[in-house]
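These notes concern the structure reproduced below.
The values are calculated or read from the model by the stated rules, or taken from the named source; none is laboratory data. These figures come from a predicted structure and were not determined experimentally. Neighbour counts are summed over all protein chains in view; Cβ atoms, including those assigned to glycine, are modelled from backbone coordinates with ideal geometry. Surface accessibility is based on the protein's heavy atoms, side chains included, excluding ligands, DNA and RNA. Shrake-Rupley method; radii C 1.70, N 1.55, O 1.52, S 1.80 Å.
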Amino acid sequence: MANIQKKTHEPLFHIAKRDSIPTLKAWLIRAAAIVIALIVCGLLTMLLTGENPINVYASMIEGAIGTERRVWRLLQDLAILLCISLAVTPAFKMKFWNIGAEGQVLIGGLAAAACSMFLTDSLPTAVLIPVMFIASVLAGAIWAVIPAFFKAHWNTNETPFTLMMNYIAIQLVSYYCFVYSVPKGSGKIPLLPKASWLPTIGNNDYILNIIIVAVITFGMYIYLKYNKHGYEISVVGESENTAKYIGINVKKVIIRTLILSGAICGIAGLLLVNGTNHTIASNTVDGRGFTAIMVSWLAKFNPITMILTAFIIVFLEKGAGEISTMFGLNSSFSEIITGIIIFFIIGCEFFINYKLVFRSKKEANSK
Amino acid sequence: MIVAFIQRAIVQGIPLLFGSTGEIITEKSGNLNLGTAGVMYMGGISGVIGAFLYENSVETVNPVLAVLIPLLASVIGSSFMGLIYALLTVTLRANQNVTGLALTTFGVGFGNFFGGSLIKLLDTDVPSIALSATSKCFKAGFPFADKLGVVGDVFFSYSFLAYIAIAIALVTSFYFKKTKSGLHLRAVGENPATADAAGINVSAYKYGATIIGSIIAGLGGLYYVMDYADGVWSNDGFGDRGWLAIALVIFAVWRPNFGIIGSFLFGGLLIIHNYIPNLTLSAQELFKMAPYVVTIIVLVVISMRRKRENLPPASLGLSYFREER
Amino acid sequence: MSKQAAIELKNITKSFGKVVANKDVCLTVYKGEILSVLGENGSGKTTLMNMISGIYYPDSGHIYIDGKEAVIKSPKDAFDYKIGMIHQHFKLVDVFSAVENILIGLKDDNRYNIKASSEKVKKICEQYGFELDLSKKIYEMSVSEKQTVEIIKVLYRGADILILDEPTAVLTPQETEKLFAVLRRMRDDGKAIIIITHKLNEVMALSDKVAVLRKGEYVGTVNTSETDENKLTEMMVGEKISLNITRTEPKDPVKRLEIKNISCINREGVTVLKDISFEVKSGEIYGIAGIAGSGQRELLESIAGLQKLNSGEILYHNPQTNKTENLRDKTPVQIRDLGVRLSFVPEDRLGMGLVGNMDIVDNIMLRSYKKGKSVFLERKQPKDLANKIIEDLGVVTPGANTPIRRLSGGNVQKVLVGREIASSPTVLMAAYPVRGLDINSSYLIYNLLNEQKEKGVAVIFVGEDLDVLLELCDRIMVISSGEISGVLDARTATKEEIGLLMTKHGGGDK
């Protein structure tokens, strides 16, 4: 019993769940987290480069939006990341942990690339582009629906399943690139024929992608908030029992939602391959499938907020990229910065959902 | 030929074994750490940094220090990663999947950044990071292996970390099955509310399992650079082995002793394309799918059979708050 | 005999958000004594006990053990004070064996040795007459076996203060008697025992003292020998009330729902419904009584189209078309498409009937969102309906756009019942619709059910309070272990009759 005696002190505080928090306060907490994270990143950069932090931040901004071209590039990257983030959102809202966007985008891109290579000669551009579109959408959807089918029927854990599907897609692309590589055996395919590139609006190479993604963003917002399917997704995500109780066919909703999710990933693949890179390689998606999950989650699955979270991530990547070029450091610096910022943002959610309750002084004294 | 295949398969399998054993320990506490890829990069690069600093500060390397310093550095690096994960998911109750992905971004970025910038940052005049001296110490094996012919090649030709990997897997297996603390850890992962009500410190177990799991996974990264890659760091060289380690956890149905066999099998699948005659370069790429396809098959079979003992820990992926209601 | 206080609570207060679960509760338990903590559902009994066992931490107040102030921050602390709690929802690890579960969390110096520990556990079993296969996995066990494991777990730890949260809710009378014998033996060993219950007969039969809680507040403690069931009821509900639920004679009853020989085997291969046949008429309230888990849930769910049956028929006589439809193995959507207006208030309100994170409007919409050809949701009507329900039933909420989970239990139930009634059903099923509700809300629900009855709806009411069943219903069917053990006229039946029938086939959960 001796050890019990020693412990007879009141705990200083305990954690309690918050009832609700004003939206403004929640955003202030998030903003504070980002500011603190930026200070930490600034200090880290200073430590590595010896540059004063003001210059560091200045060159980040310079790198991200310093010139008109950079702004366009940023918007283009933003569009692709946002597109993938939107794609994973309905699945996540349904609590289907689809971490296979990487593969779904890639396979959509592969379908587009294959169409470009084999059909450009035989089809006019006006026909070719819709065909590519359909092919990418189908490929992405198929890639997503396979794990969804098993999830719906046997409750197979979707997280590892979709993860494995990524690597199968990567190997397929890699196989494709070896088969059609120029020169033989290099594992690289040449640029796709120009006739198969997505058209440019005016002289601007970027604007079409941006418009397409803007439309998808708006569409997804409407779909999730005002469409009956979107409502069903929310119900299934919140409580599968309730969904069954009111007669929602849960299996159907899972499969339907993943078809949508995969289809949008397929579009992202098309935009990436035929609208941006004009070629394909196994690393074309470059981890965006994973980053998109974080973007979507940070935005609380709200498509409009997602514009902001995607912007933060892309901005940081570009800014940190600039720092690494300036100081001759490795470009992976941006991943470190992104990682730190995300740690802070996900950590701060705690202070939005919970509060620390301190024992009142008065009572502690009265004993 | 067969002997060489087995040898290479085992060498390929060891990093996966480290990774999966670490991940199994972590998952048994209910934490699904998708950041294992990042942790393994961190374990590797920390060891490299330690070795690099040591090799460049002395004329001739002392074999004991040459092993201990990178080992210690690796442990520090990967336990830091485990600590971040545990802090965010256990104390701050953040979403495990998102935290894991962020950890991967951070860890892989950290590895590639320092791998690519270490020389410049330290203003040294070496052309690239090639830690041949350190690697030599890590690769020291049994002197008698050569004399035993095939038996020596298959069983005794590996470096000490390989045997440590197997030992850790076996000890972990024993720990889960035969110790009280192992029972407690499993209880935490299955049903934290029950464990809590029984007086087990849930947070402590989650922290402990995550950090120890990370350290073990990190050793996989260290083994890869120091042994497999002969001390030469190349960016993205470690590839997606971290994710494969997570797949291996499922393949081994959360049993570290199965993980030993599984890792060698996966290692074999990773390199089998080199041993099938007349394979074109492109066909090789198709063969590289094998481990992933096998994992999916296992995953589907497990879910169809639904045997309780083969399912993942029941609370995997969920954070625990005692006063939740 | 000089009595020594084992545990003393002083001015314990705990609230969850705005809900005060316990307010200034004081309680003393002496060694060698069984104390019943009596109170209605939602009176804060479990919350209070959870603070003694370290699950919750009080907002204010003090706990004294053996006369010294104790701080119980976690269940581990509670164990150090030799407090053991047997929770209503068992805290067991499903994939572990009985003995593994018993050993969880123990920190004695002994090496981990299943064999030696099993011997020790066996001794305890023999001492108290438990029968248990120690290597059996929890997921293969019946509820009473699981409870046995829980009790042995506490005994194995040598707890001096035992807390049991509604231990008899799931037991047969024989099992209850056995349990009481064990508890008496432990009391004679000098242990302090706290038993939470709302069953008065058990309080009278077992305890030495009774502490009563009402709506989170401490009412008082009395010696069992100096009180009786009436006095206790008075303490529990405030003033003595006879229920006085109005009951009218059914008006032109016609056959509405006919259940013919239905049987159901669940996924674990256990027969949960066995050859059940009955019919429900329009304009009556048909009560279903039984020990918790006797098949009530499966019965209602199979009528609602949520449970697959192995045999039998569920026939619905449509009053508008005069057609008869078989509802068996139809999905809820198919049932609705047949023109069957079936409403269902399930037992699990927030887990099944409603979605906690959605607001009232979206929850109201659950039943009707599919209406209309548009692919878009129509929120105007649901919003009007939500406001109407809030006004008519007096739902206390900041507004129609407040997430359901922020409402109190009674208000949640009002929204659910309001929604189910709004679709003007011809059959209304309600499972434990007043569980956890205060008296006023309960009466509101009874009145709503009566209103429906008068409108000619066939109402099925699954309840646990026999007094309510007897005063509200027209007929009462009693089920036991998934079988019908009798159908009684509620106007003439007595509580004793029902009680007897409830245990005819050996109680619930088999």
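Some points to look at:
- Per-residue Karplus couplings for the stretch C:304-315, computed as 6.51 cos²θ - 1.76 cosθ + 1.60 with θ equal to phi - 60°, are listed in order as 7, x, 10, 9, 6, 9, 8, 7, x, 9, 10, 9 Hz, Gly and Pro entered as x.
- Per residue, chain A exposes 41 Å² of accessible surface when a 1.4 Å probe is rolled over the protein heavy atoms with every protein chain present.
- Where C meets A: accessible area buried, both sides, 1.4 Å probe, Å²: 3400
- Electrostatic bookkeeping for B:Lys139 treats Lys and Arg as +1 and Asp and Glu as -1; over the other residues with beta carbon under 10 Å from its beta carbon, the sum is -1.
- Derived scalar couplings between HN and Hα for the stretch B:95-105 equal 4, 5, 5, 5, 4, x, 5, 5, 5, 5, 3 Hz in order, rounded to whole Hz, by the Karplus curve 6.51 cos²θ - 1.76 cosθ + 1.60 (θ = phi - 60°), x for Gly and Pro.
- Heavy-atom accessible area per residue - the stretch C:289-377, 1.4 Å, Å²: 42
- Per residue, the convex hull spanned by the Cα atoms of the stretch A:52-106 amounts to 115 cubic angstrom.
- Measuring heavy-atom accessible area with a 1.4 angstrom probe and counting protein chains only, the residues of the stretch C:75-120 that give up at least 40 Å² relative to the chain alone are C:Pro75, C:Asp80, C:Tyr81, C:Lys91, C:Val93, C:Val95, C:Phe96, C:Ile104, C:Gly105, C:Tyr112.
- Summarising the amide proton neighbourhood of C:Arg475: residues at separation of 5 or more, or on other chains, whose placed amide H is nearer than 5 Å comprise C:Ile285, C:Gly287, C:Ala490.
- Viscosity 1.306 mPa s, temperature 10 °C, Stokes-Einstein D of chain C from Kirkwood C-alpha radius, µm²/s: 64
- Carbon + sulfur, % of accessible area of the protein assembly as shown - ligands and nucleic acids excluded, 1.4 Å: 58
- Average accessible surface area per residue within the stretch B:2-320, 1.4 Å rolling probe, Å²: 36
- Net charge of neighbours whose Cβ lies under 11 Å from the Cβ of C:Thr248, counting Lys and Arg as +1 and Asp and Glu as -1: -2
- Across all Cα atoms of the stretch B:86-151, the radius of gyration (one decimal) and Dmax (whole number) stand at 20.3, 56 Å.
- Restricting attention to chain C, close to 55% of DSSP beta bridges with both partner residues there are antiparallel.
- Taking amide H atoms as placed 1.01 Å from N in the peptide plane, the amide H of C:Ser15 lies under 5 Å from those of C:Ala21, C:Asp59, each 5 or more residues away in sequence or on another chain.
- Cα convex hull, chain A: 230 Å³ per residue, rounded to a whole number.
- Estimated translational D of the stretch A:109-194 in µm²/s (Stokes, Kirkwood radius over Cα pairs; 4 °C; 1.567 mPa s): 89
- For the stretch C:36-140, applying the loop criterion from DSSP together with a ceiling of 14 other beta carbons within 10 Å to the GluC sites (Glu not before Pro) yields C:Glu131.
- 222 nm mean residue ellipticity, helices alone, for the protein assembly as shown (DSSP H n ≥ 4; -39,500 (n - 2.57); rounded to 500): -17500 deg cm²/dmol
- Chains C and B together, accessible area buried on both sides, 1.4 angstrom probe, square angstrom: 2500
- Whole-number percent relative contact order across chain C, with pairs defined as alpha carbons under 8 Å at least 6 apart: 16
- Reported value for the stretch C:5-237: 122 Å³ per residue, from the convex hull of its C-alpha atoms.
- Overall dimensions of the protein assembly as shown as given by Cα atoms, namely Rg and Dmax in Å: 33.1, 106
- The stretch B:2-320 - Rg and Dmax from Cα coordinates, angstrom: 19.7, 62
- Between the C-alpha center of the stretch A:70-124 and that of the stretch B:223-278 there is a gap of 29 Å.
- In summary, the stretch A:286-355 shows an alpha-carbon radius of gyration equal to 1.21 times the 2.2 N^0.38 Å reference for compact globular proteins.
- Between A and B, roughly 4500 Å² of accessible area is buried in total, ligands, DNA and RNA not counted and the probe set to 1.4 Å.
- For chain B, the longest site-free run once GluC sites (Glu not before Pro) in DSSP loop states with at most 10 other Cβ atoms within 10 Å are removed: B:60-323
- Residues whose amide H comes within less than 5 Å of that of B:Val232, counting only those at least five positions distant or on another chain, are B:Leu131 (H built at 1.01 Å from N in the peptide plane).
- Mean separation of Cα contacts under 8 Å (6+ apart) over length of chain B, as relative contact order %: 37
- Restricting attention to the protein assembly as shown, close to 60% of DSSP beta bridges with both partner residues there are antiparallel.
- Couplings for the stretch C:494-500, taken from phi via the Karplus curve 6.51 cos²θ - 1.76 cosθ + 1.60 with θ = phi - 60°, read 10, 4, 4, 4, 4, x, 5 Hz in order; Gly and Pro are left as x.
- Considering every alpha-carbon pair of the stretch C:169-224, the percent of pairs per 5 Å bin, from zero through the bin containing the longest distance, is 4, 16, 26, 25, 16, 10, 3.
- Whole-number percent relative contact order across the stretch C:361-424, with pairs defined as alpha carbons under 8 Å at least 6 apart: 34
- Largest-first ellipsoid semi-axes for the stretch C:361-424, taking √(5λ) over the Cα gyration tensor eigenvalues, angstrom: 21, 12, 10
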